[in-house]
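Below is one structure, written out as structure tokens; comments come after it.
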Ligand SMILES: NC(=O)c1ccc[n+]([C@@H]2O[C@H](COP(=O)([O-])OP(=O)(O)OC[C@H]3O[C@@H](n4cnc5c(N)ncnc54)[C@H](O)[C@@H]3O)[C@@H](O)[C@H]2O)c1
């Protein structure tokens, strides 16, 4: 092992994702230093959200541990000096290049050269962020999904200067955090999951904007087709399960016809530019009363725990199948 894991993890940025990552680490037995770079962010909200998610994880059976004891394993701070106790730091501040650059520089100043630094960026190339560090080889993308404590998703992304060997060690370690991580061997914008998801979003806009179907029907079709199997397996396993000959035949004609648009669709641009943010302010592709927003949020939260249970059950089942390894 090149990595020197002393058991303390730093999370920098306590917004929606930062708080969620802290909870995910706590329920998997880690000790966390949670840092709010803006001192006023050390108010109650991140702490309350972490407490709430720990309680929910206990109620839903994701952890058998006492939420209060888990909560005792997090130390809140706004001083970068406190990061010196950590073996790895996870930056999760706003998706803004300048902000991330300043925060990464502060992190690097506070820790030894052997400490691993990661970013939860959704779309900034890892090699770009890596360029801001004095010791770039210690830097990786670590891309979580919301809610981090119910999904097993975690992408570890190598930048141009990140040694694959350390990426593989991180991959191994992240399994112990209750994740089923993936390793992106070469930096690519959007990594694996956003590239897959944004191709889906682009085609969804194409169908609606060109009058082939309504928003409602696109959502319904997606939910009942892909939604039926995506928690069980990925696209390659699915094509194997359902007969890849048919996909081979369909691709010959359909690929030519799919959207290759490069502009941001008008449908989302108009809503975004007029301030719409979806459920959080009631204005999105659908409109919501405050009561409806709350009900959608609650249903989504409940669903996340149910999906976690279902996918865990089938992961155990499919893990015991010894045949069926991939060709690479
Ligand atoms: N929201 C998601 O579903 C999601 C999923 C995967 C990755 N991400 C990524 O995680 C990161 C954080 O996203 P979020 O949704 O938690 O955002 P957020 O807006 O909820 O939180 C951002 C945090 O950044 C910090 N911050 C803001 N301005 C700052 C400044 N000038 N200097 C220092 N710190 C500052 C604050 O602590 C704030 O709480 C982003 O890079 C985002 O792309 C988000």
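General observations
- Within the range 55-78, tally of residues that are in contact (Cβ under 8 Å) with a residue 40 or more places away in the chain and over 15 Å from residue 18 (Cβ atoms): 8
- Check on residue 211, outside the structural domain of residue 156 (by TED's automatic domain parsing), under 18 Å from the mean Cα position of the chain (by Cα) and outside any helix (DSSP H, G or I): no
- Residue match in the range 13-27 (condition: crowded, with 18+ Cβ neighbours inside 10 Å, in the same structural domain as residue 166 (by TED's automatic domain parsing) and away from the ligand (no atom under 16 Å from the Cβ)): yes
- Some residue of the range 238-259 being surrounded by 10 or more Cβ atoms within 10 Å (Cβ to Cβ), assigned to a loop (DSSP other than H, G, I, E, B) and at pLDDT 95 or above: yes
- Test: residue 180 is in the same structural domain as residue 284 (by TED's automatic domain parsing), touching a residue at least 24 places away in the same chain (Cβ under 8 Å) and exposed (fewer than 15 other Cβ atoms within 10 Å of the Cβ): no
- Residue match in the range 37-54 (condition: under 18 Å from residue 108 (Cα atoms) and within 16 Å of the ligand (Cβ to nearest atom)): yes
- Meets criteria (within 13 Å of the ligand (Cβ to nearest atom), modelled with pLDDT under 95 and farther than 29 Å from residue 259 by Cα) for residue 150: yes
- Residues that are without any contact (Cβ under 8 Å) to a residue 40 or more places away in the chain and either closer than 21 Å to residue 213 by Cα or in contact with a strand residue (DSSP E or B) (Cβ under 9 Å, 6 or more places away or on another chain) (or both), drawn from the range 263-275: 263, 264, 269, 270, 271, 274, 275
The values are calculated or read from the model by the stated rules, or taken from the named source; none is laboratory data. Not measured: the values here are computed from a predicted model. Please note: Cβ atoms are built from the backbone with ideal geometry, for glycine as well, and neighbour counts cover all protein chains shown.
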